[in-house]
Structure formats: structure tokens, C-alpha cells
Amino acid sequence: MMDVAARFGDNLVRCRKQAGLSQDEMSIRASVHRTEISQLERGLRIPRIDTLAKLCGSLEVDPAELLQGINWTPGDRRHGHFVAATDG
């Protein structure tokens, strides 16, 4: 099992730093409060779809960049679950 919020947060931090933005700068560009950016980066929250779109737009990245390594395994006779992806 994986922590989806933590993985998303790691991806968000990586993309924000690659864009050369502070949390304050990104919050202004994305029209999202800085405390929400902080909570997302620390894995305390998972963004709504509209927030995901704002984050991608402000970072000029494809949603796949923020969702990297987050994979869903569909259920067969059991419930589906998230699994950690192997990078490579």
C-alpha cells in the first residue's frame, strides 16, 4: 500500500522547485492559499480536481507530472488499491 497524499506532495515539491517558485509565488499563480500548498506538499491533503488543474497551470506541467508514481490496481474479486510504482 502507498500513501497517495504523501506521493502527490513529493511530486508537487519537486515540480515547484524545478519551476523555481516559492510556495507564496505558486499560491498567487494558482489562486490557492499558501497554507493549502503547504498542506498538499506535506501530504496532509489531496487536491480537488479544480485545484489540480490550477497547480498544473501555475507550474506549466502536465497532470501526469503531479501524479507520477500513483497507480491504481483494479480489483478482481477483491477491492482495488493504490500501489507504489517502480520508476524506470
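Among all residue pairs at least 6 apart or on different chains, which show Cβ distances below 8 Å where the first residue, located in the stretch 13-26, is free of Cβ contacts under 8 Å to residues at least 12 places away in the same chain and in a helix (DSSP H, G or I) and the second is open to solvent by 40 Å² or more (accessible area, probe 1.4 Å) and of a type outside the set (Asp, Glu)? Pairs that qualify, where the first residue is free of Cβ contacts under 8 Å to residues at least 12 places away in the same chain and in a helix (DSSP H, G or I) and the partner is open to solvent by 40 Å² or more (accessible area, probe 1.4 Å) and of a type outside the set (Asp, Glu), are ASP24/ARG34.
Picking from residues in the stretch 65-80 that are surrounded by 10 or more Cβ atoms within 10 Å (Cβ to Cβ) and not polar (S, T, N, Q), the one that is modelled with the lowest pLDDT is GLY80. Run VAL83 past the list (1) in a helix (DSSP H, G or I); (2) open to solvent by 40 Å² or more (accessible area, probe 1.4 Å) and report the number of the one that doesn't hold. For VAL83, the failing item is (1).
Of all residue pairs spaced 6 or more apart or on separate chains, those with beta-carbon atoms under 7 Å, a first member in the stretch 43-59 that is under 20 Å from GLN18 (Cα atoms) and a second member that is open to solvent by 70 Å² or more (accessible area, probe 1.4 Å) and part of a helix (DSSP H, G or I) are SER58/ARG29. Could you check how many residues of the stretch 36-64 are of a type in the set (S, T, N, Q) and surrounded by fewer than 16 Cβ atoms within 10 Å (Cβ to Cβ)? The total comes to 1. Of everything in the stretch 15-29 that's of a type outside the set (Ser, Thr, Tyr) and more than 18 Å from ASP62 (Cα to Cα), which residue is most open to solvent (accessible area, probe 1.4 Å)? Only one residue tops the list, namely ILE28.
The values are calculated or read from the model by the stated rules, or taken from the named source; none is laboratory data. If you're wondering where the values come from, they're calculated on a predicted model, not measured in any experiment. Glycine gets a Cβ as well: all are built from the backbone with ideal geometry, and neighbour counts include every protein chain shown. Protein only, heavy atoms only, side chains kept; ligands, DNA and RNA dropped before computing areas. Shrake-Rupley method; radii C 1.70, N 1.55, O 1.52, S 1.80 Å.
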